[in-house]
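*Asks:* The structure follows.
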Amino acid sequence: MNNQLTRALKLRSFLFLWLAEIFSQVAANMMNFILILVVYKLTNSSTAVSGIVLSFTVPAIIFGVMAGVLVDRWSKKKVLYVANIVRAVFALLLAFFHTDIALVYIFSLIVTIGTQFFIPAETPIIPMIVKRDMLISANALFGIALYGSLLVSYALSGPFLVALGSTKVFFILALFFLIASVFVLFVKTKTEEDIPKKILKEPLDVSITDEIKMAFSFAFKSREIRQSFVFLTIAQILILVMSVIGPGYAKTVLNIPVDDFPLLFVTPAAIGMIFGAILLTNYFHRFSKQFSASIGLLLSAVAVFLMPFGSKVASREFVQSINALLPYTFQITIVHIMVVLAFFIGIANALIFVPSNALLQEVTSDEMRGKIYGTLNALVALASLFPVILAGSLADVFGVNSVLITLAVVMGMIGIWRLILDRNNSKVKTQKAKVVKDA
């Protein structure tokens with residue numbers, strides 16, 4: 001592994017936080033995907049899948065900002081611990097009620113409400129553990145953990161369901177959440193070490209409403225925060241939309257079992273995320289964080305745009321000529337093309353996720369970071385609400401390919417727009433620097 005990445009892992013508290021991230025993300029992602037599979041198998045409808053995905057996002061709109069405000073008032077370490085315990089409890093409840101679609105929606109909503117407190121404590125705690133010059137490496141490791149957990153959870157979801165059954169799977173998920181909570185106990189933050197307990201426990205005079213207003217005001221006045229919000233929101237929308245139409249894409253486009261799609265799509269995406277993180281820490285750190293994120297957005301757009309055309313590529317004469325020379329097992333198919341595109345989507349997400357989070361952490365203080373991430377969480381959920389609803393409905397009416405092409409075009413336009421803005425801002429800075437130098 002890259003030296004910059006291993007340097008961060010040598011910090012004991014960050015290592016325990018990273019392990020807690022892995023177990024909690026594996027459990028959360030596996031739970032989400034299992035619920036998606038359960039709902040799709042019960043209803044055979046992308047619209048119904050939209051409903052369960054909305055249960056992952058709607059609570060963020062309602063509770064996201066308030067959760068961020070409260071997390072800044074509390075110990076982030078304690079919030080992470082309690083959130084994992086709460087999710088473990090409801091994982092146990094889902095073990096007994098996973099066949100009742102109404103209860104699945106309700107319990108999923110409750111679990112997601114708990115997650116609203118987990119999110120503004122998880123990533124914002126990183127600067128309280130590592131130094132500023134290690135933020136890129138630390139966020140790269142968190143990105144690797146995120147996509148690695150997607151790989152593990154999605155790859156194991158199908159086999160676990162088949163081998164163990166839904167009841168035992170949810171028991172295992174509860175155990176993973178409990179393990180994550182134990183790792184959190186070993187994390188020590190700078191705040192806890194350097195600030196007297198009486199100061200930490202001192203109540204704030206500012207009301208929650210005022211703090212919510214403060215969070216929105218700070219978020220929208222800062223150009224760096226606005227840019228990071230745009231990039232992270234689009235990246236999250238892509239993930240959610242793919243979650244909604246993934247089963248339909250596997251069935252109608254790839255012609256493979258729905259249970260096979262996670263392994264075939266998420267595995268190369270996770271590997272791409274790791275590759276992208278290494279690229280960032282070695283090469284892309286020379287460029288601005290906004291430029292790296294813009295390139296990532298454009299790369300995502302190109303890869304998503306090509307996904308519906310895998311069959312046409314596979315049927316080309318030059319591909320058929322290559323296949324004629326290869327054994328049947330190694331012949332190029334639409335699935336292989338999708339795997340390559342998923343790899344590039346993983347790289348693209350690393351270029352978006354890592355620098356955007358590092359930028360947010362650099363421009364916010366420990367007292368504001370939870371509010372900013374809570375605001376981000378709420379805005380992401382709000383912005384993704386209609387795309388998620390429309391993606392499922394449009395996929396059922398017009399087909400998965402139409403949704404993918406539309407999504408890719410929108411992402412590409414935003415990526416080009418961000419590159420133009422970044423270039424103009426660079427010119428303005430250069431001109432100002434020249435004026436100052438001449439003066």
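*Asks:* With all protein chains present, how much of the accessible area of region 329-398 (probe radius 1.4 Å) comes from carbon and sulfur, to the nearest whole percent? Let's see the in-between values first.
*Replies:* On the way: 1860 of 2440 Å².
Carbon and sulfur atoms account for 76 percent of the accessible area of region 329-398.
*Asks:* A follow-up question, please. Quick one: accessible surface of R223, probe radius 1.4 Å, all protein chains present, in square angstrom to the nearest 10.
*Replies:* 80 Å²
*Asks:* So, one more: Region 396-418 to region 1-61: how many Å between their Cα centroids?
*Replies:* Using only Cα atoms, the two centres lie 24 Å from each other.
*Asks:* Using protein chains only and a probe of 1.4 angstrom, how many square angstrom of K168 are accessible, to the nearest 10?
*Replies:* Result for K168: roughly 120 Å² accessible.
*Asks:* A follow-up question, please. Probe radius 1.4 Å, ligands and nucleic acids left out: which of F231, F107 has the largest accessible area, and how do the rest follow?
*Replies:* Details: F231 5, F107 30 Å².
The most accessible residue leads, giving F107, F231.
*Asks:* For W18, W417, give the ranking by accessible area with the largest first, probe 1.4 Å. Write out the running numbers ahead of the final one.
*Replies:* Details: W18 35, W417 125 Å².
Sorted descending by solvent-accessible area, the residues read W417, W18.
*Asks:* Suppose each label sits 7 Å from its Cα in the direction of the beta carbon; what would the I416-D210 distance come out to in nanometres?
*Replies:* 4.8 nm
*Asks:* Sticking with this structure for a sec: Out of the total accessible area of region 1-119 (probe 1.4 Å, heavy atoms of protein only), what percent is carbon and sulfur? Can you show the working numbers first?
*Replies:* Working: 3250 of 4610 Å².
Of the solvent-accessible surface of region 1-119, carbon and sulfur hold 70 percent.
The values are calculated or read from the model by the stated rules, or taken from the named source; none is laboratory data. Just so we're clear, the structure is a prediction, and the values are computed from it rather than from any experiment. No Cβ is skipped: glycine too gets one built from the backbone with ideal geometry, and neighbour counts run over all protein chains shown. Heads up: the accessible areas ignore ligands, DNA and RNA and are worked out on the full protein's heavy atoms, side chains in. Shrake-Rupley method; radii C 1.70, N 1.55, O 1.52, S 1.80 Å.
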